[in-house]
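Asks: I have a structure here, written as structure tokens, and I will follow up with some questions on it.
The values are calculated or read from the model by the stated rules, or taken from the named source; none is laboratory data. Here the structure is a predicted model, which is why all the values come from computation and not from measurement. Note: ideal-geometry Cβ built from the backbone for every residue, glycine included; neighbour counts use all protein chains shown. When the accessible area is computed, the model is the full protein with side chains, heavy atoms only, and any ligands, DNA or RNA have been set aside. Shrake-Rupley method; radii C 1.70, N 1.55, O 1.52, S 1.80 Å.
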Amino acid sequence: IPALEGAVRLAPHHPRAWFLLAKYSIVSGNARRAIDDYLVHALVVQNQLGSDEGRADVLNAFGVAFRNLGDLGRAAEYYEQAAAIRKRIGNERGYATTLRNLASIDSVRGEHAAAERKLGEALAILERLGDGAGIADLQDEFGVLAEERGDYEEALSRYQQALRVRRDLGNDVAFATSFANVGYACYLLGRYDDALVYWSQGLDLARKSGDPAGVALATQSLGLLELARGNWDRAVKSFLEALNKSRELDMKQATASSLGHLGRLAQYQGRPAAALASFAEALAVLREIDDRRGLAEFTLAQAEVEIEIGMEKAAGQHLQAAAELLSAEKNREQQAELERLRGEHHLLRGERAAAEAALRRALADAEESHSVVQLLDVRLSERPALAELERLRGQAEALGHARLRLRAAEAVARAALAAKDTERARQAAAAGLERAEACGGYSGAWRLHLLLAQAHERAGRRAEAEAERERARAEIARVSRELAPGQRQSFHQLAEVRELADRIEVGRTAGRKD
């Protein structure tokens with residue numbers, strides 16, 4: 001960049017120097033400066049020269065810059081202008097590149113069929129030209145498309161193909177992107193050790209090549225891994241660091257993701273008001289950039305928090321909003337999550353038959369997505385028999401996913417009480433509470449305390465039971481303090497019903513009629 005700035009001082013109308021200043025500003029994470037300072041100059045010079053090829057290059061670069069800033073509408077306009085010129089003048093390689101860029105926007109918007117058509121057309125061109133680097137870029141976009149659809153095995157395969165090609169090309173920025181993409185596909189498939197290896201290499205390479213945008217994304221990714229593994233203090237540091245950097249670079253999509261992940265963290269720790277506030281911030285940014293997959297993800301997250309605190313009406317509205325977002329092009333993992341939460345919502349309303357039907361649909365979608373995490377989440381929501389729950393608990397432990405381990409412990413404790421296996425219930429609830437403390441909190445901690453109280457009471461340990469009930473009330477009070485009045489009322493009603501149900505069950509087991 002300093003060398004190019006020297007070039008434009010010596011030759012203020014040098015078209016290539018202005019274009020390259022913009023290109024390297026974009027690569028270094030400063031898309032706004034590329035637009036405001038360099039691309040405008042480059043376009044004026046190209047128009048003066050009457051160069052269609054140069055004008056198309058600048059228009060495509062405008063599209064890349066606006067895409068990085070999250071302005072998909074303006075990015076698409078510039079890409080379409082560039083594509084029209086490149087097709088007219090017979091610049092096949094350039095035309096294929098712009099088709100790939102347009103397909104990327106289609107993928108984010110959920111227009112998967114349109115994206116696939118553009119990528120197929122571009123691939124045919126680049127294979128005929130023998131453009132290895134361009135083909136690697138296309139494999140990446142095919143991976144993104146598979147990921148958007150929820151086909152994570154296909155996404156991993158595409159990303160790995162791109163990685164193999166880029167390994168020999170000497171482009172560290174592209175190579176770091178491949179590490180990030182392969183790592184993310186591994187993460188989605190529950191292969192956390194593999195994800196750590198790829199993401200760590202990607203972060204090192206992004207730092208080495210001076211790519212602040214790549215550093216921000218890699219830091220965010222490592223935060224996701226810490227979130228899954230239950231290292232929640234380290235996760236919040238990673239997300240905050242990524243959030244600050246993405247805001248500094250005006251990376252809207254990364255900003256929205258960091259906000260959403262901070263919301264997940266608050267949800268898992270039992271801070272529902274903070275979770276809903278973070279989700280609302282993330283959704284506002286996602287609406288601005290029209291990211292349908294992100295909108296669906298965090299709308300579903302809102303609904304889950306609302307179900308957890310008993311806000312039945314609000315949860316129903318958000319589930320309907322998510323269903324509308326997923327209606328055109330289905331992402332199987334998100335569709336499974338929608339149906340799982342519909343099942344939980346029906347259970348909240350006491351509609352058991354409808355819940356079972358929704359969970360059957362969720363299971364089919366989860367199996368099709370090949371997402372280990374989603375499949376376990378659905379199976380736990382189905383509330384199978386104790387033996388099956390123990391098997392699922394073992395899978396969650398082997399996977400190392402903290403929230404699934406907590407959910408499984410809670411489910412086993414509840415099922416063991418129903419099966420009159422008091423000691424197993426006590427052990428599962430106690431293990432869940434120990435795990436919750438190690439992670440830094442759990443949204444279901446109050447339920448675990450009530451389950452442990454029930455196990456103590458059945459075993460005749462009334463003092464221990466009352467102590468656990470008191471801990472449950474303290475946890476309920478902690479959650480309540482940050483809720484708005486309407487939310488607090490719903491949550492207290494939900495907690496009172498749960499405690500009453502537990503007491504009735506204890507009395508029934510003991511043969512009491514009071």
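Asks: Looking at the stretch 168-189, can you tell me whether even one residue there is over 24 Å from residue 28 (Cα atoms) and at pLDDT below 90?
Replies: yes
Asks: Oh, and also: Looking at the stretch 117-128, can you tell me whether even one residue there is under 30 Å from residue 205 (Cα atoms), among the charged types (D, E, K, R) and open to solvent by 10 Å² or more (accessible area, probe 1.4 Å)?
Replies: So the first thing to find is which residues in the stretch 117-128 are under 30 Å from residue 205 (Cα atoms), and the list is 119, 122-123, 126-127.
If we keep only those that are among the charged types (D, E, K, R) as well, we get 127.
Add one more test, that the residue is open to solvent by 10 Å² or more (accessible area, probe 1.4 Å), and what stays is 127.
Yes, some residue in the stretch 117-128 is under 30 Å from residue 205 (Cα atoms), among the charged types (D, E, K, R) and open to solvent by 10 Å² or more (accessible area, probe 1.4 Å).
Asks: Please specify each residue of the stretch 129-158 satisfying the condition of being among the aromatic types (Phe, Trp, Tyr) and either touching an Asp or Glu at 6+ places or on another chain (Cβ under 7 Å) or open to solvent by less than 20 Å² (accessible area, probe 1.4 Å) (or both).
Replies: Taking the stretch 129-158 and keeping what is among the aromatic types (Phe, Trp, Tyr), we get 142, 152.
Residue satisfying the conditions is 152 alone.
Asks: Looking at the stretch 170-191 only, could you name the residues that are under 19 Å from residue 157 (Cβ atoms) and not aliphatic (A, V, I, L, M)? Write out each step before concluding.
Replies: Residues of the stretch 170-191 under 19 Å from residue 157 (Cβ atoms): 174-175, 177-191.
Those that are under 19 Å from residue 157 (Cβ atoms) and not aliphatic (A, V, I, L, M): 175, 177, 178, 179, 181, 183, 184, 186, 187, 190, 191.
Asks: Next question. Name every residue in the stretch 38-56 that is surrounded by fewer than 24 Cβ atoms within 10 Å (Cβ to Cβ), touching a residue at least 12 places away in the same chain (Cβ under 8 Å) and in a helix (DSSP H, G or I), in order of residue number. Lay out the reasoning, then the answer.
Replies: Of the stretch 38-56, the ones surrounded by fewer than 24 Cβ atoms within 10 Å (Cβ to Cβ) are 40-41, 43-55.
With touching a residue at least 12 places away in the same chain (Cβ under 8 Å) added as a condition, the list becomes 41, 43, 45-46, 48-49, 51-55.
Those that are surrounded by fewer than 24 Cβ atoms within 10 Å (Cβ to Cβ), touching a residue at least 12 places away in the same chain (Cβ under 8 Å) and in a helix (DSSP H, G or I): 41, 43, 45, 46, 48, 49, 52, 53, 54, 55.
Asks: So for the stretch 386-395 (the condition being open to solvent by 70 Å² or more (accessible area, probe 1.4 Å) and basic (Lys, Arg)), does at least one residue qualify?
Replies: yes
Asks: Considering 203, 138, which residue is within 30 Å of residue 326 (Cβ to Cβ) and in a helix (DSSP H, G or I)? Lay out the reasoning, then the answer.
Replies: Working: 203 fails: within 30 Å of residue 326 (Cβ to Cβ).
Checking each option against the conditions leaves just 138.
Asks: Separate question: Could we say that residue 178 is open to solvent by 20 Å² or more (accessible area, probe 1.4 Å) and over 26 Å from residue 288 (Cβ atoms) here? It would help to see each step written out before you state the result.
Replies: On the way: open to solvent by 20 Å² or more (accessible area, probe 1.4 Å): no; over 26 Å from residue 288 (Cβ atoms): yes.
No; evaluated as a whole, the condition is false for this residue.
Asks: Among 341, 347, which is the only one that is surrounded by fewer than 24 Cβ atoms within 10 Å (Cβ to Cβ) and part of a helix (DSSP H, G or I)?
Replies: Details: 341 fails: surrounded by fewer than 24 Cβ atoms within 10 Å (Cβ to Cβ).
None of the other options fit; the residue is 347.
Asks: Name the one entry in 120, 132 that is without any contact (Cβ under 8 Å) to a residue 24 or more places away in the chain, closer than 18 Å to residue 162 by Cα and within 31 Å of the chain's Cα centre (by Cα).
Replies: Testing whether each residue is without any contact (Cβ under 8 Å) to a residue 24 or more places away in the chain, closer than 18 Å to residue 162 by Cα and within 31 Å of the chain's Cα centre (by Cα) leaves just 120.
Asks: Among the residues of the stretch 266-299, which ones are over 14 Å from the mean Cα position of the chain (by Cα), of a type outside the set (S, T, N, Q) and not in a helix (DSSP H, G or I)?
Replies: Once the filter is applied, which keeps residues that are over 14 Å from the mean Cα position of the chain (by Cα), of a type outside the set (S, T, N, Q) and not in a helix (DSSP H, G or I), the stretch 266-299 yields 270, 271, 290.
Asks: Would you mind stating whether residue 404 is within 17 Å of the chain's Cα centre (by Cα), open to solvent by 40 Å² or more (accessible area, probe 1.4 Å) and without any contact (Cβ under 8 Å) to a residue 40 or more places away in the chain? Working first, answer last.
Replies: Numbers: within 17 Å of the chain's Cα centre (by Cα): yes; open to solvent by 40 Å² or more (accessible area, probe 1.4 Å): no; without any contact (Cβ under 8 Å) to a residue 40 or more places away in the chain: yes.
The answer is no for residue 404.
Asks: What's the number of the condition residue 383 fails, among (1) open to solvent by 30 Å² or more (accessible area, probe 1.4 Å); (2) under 17 Å from residue 336 (Cα atoms); (3) in contact with a Phe, Trp or Tyr (Cβ under 9 Å, 6 or more places away or on another chain)?
Replies: Tallying (1) open to solvent by 30 Å² or more (accessible area, probe 1.4 Å); (2) under 17 Å from residue 336 (Cα atoms); (3) in contact with a Phe, Trp or Tyr (Cβ under 9 Å, 6 or more places away or on another chain), residue 383 fails exactly one: (3).
Asks: Test residue 412 against the stated conditions and say whether it is among the β-branched types (Val, Ile, Thr) and open to solvent by 10 Å² or more (accessible area, probe 1.4 Å).
Replies: Working: among the β-branched types (Val, Ile, Thr): yes; open to solvent by 10 Å² or more (accessible area, probe 1.4 Å): no.
Criteria not met by residue 412.
Asks: Would you point out the residue of the stretch 14-37, among those that are open to solvent by 70 Å² or more (accessible area, probe 1.4 Å) and without any contact (Cβ under 8 Å) to a residue 40 or more places away in the chain, that is farthest from residue 85 (Cα to Cα)? I'd like the intermediate steps shown before the answer.
Replies: Step one: of the stretch 14-37, the residues open to solvent by 70 Å² or more (accessible area, probe 1.4 Å) are 14, 16, 23-24, 32-33, 36.
So of that shortlist, the ones also without any contact (Cβ under 8 Å) to a residue 40 or more places away in the chain come out as 14, 16, 23-24, 33, 36.
Working: 14: 21, 16: 18, 23: 20, 24: 23, 33: 25, 36: 23 Å.
Only one residue tops the list, namely 33.
For every residue, the table says whether it meets (1) part of a helix (DSSP H, G or I); (2) open to solvent by 30 Å² or more (accessible area, probe 1.4 Å).
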site	(1), (2)
213	yes, no
217	yes, yes
224	yes, no
239	yes, no
250	no, yes
264	yes, yes
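Asks: Any residue in the stretch 364-386 that is over 19 Å from residue 155 (Cβ atoms) and of a type in the set (A, V, I, L, M, F, W, C) sitting within a Cβ distance under 8 Å of a residue that is open to solvent by 10 Å² or more (accessible area, probe 1.4 Å) and not in a helix (DSSP H, G or I)? List the pairs, counting only those 6 or more apart or interchain.
Replies: 376/401; 386/419; 386/421
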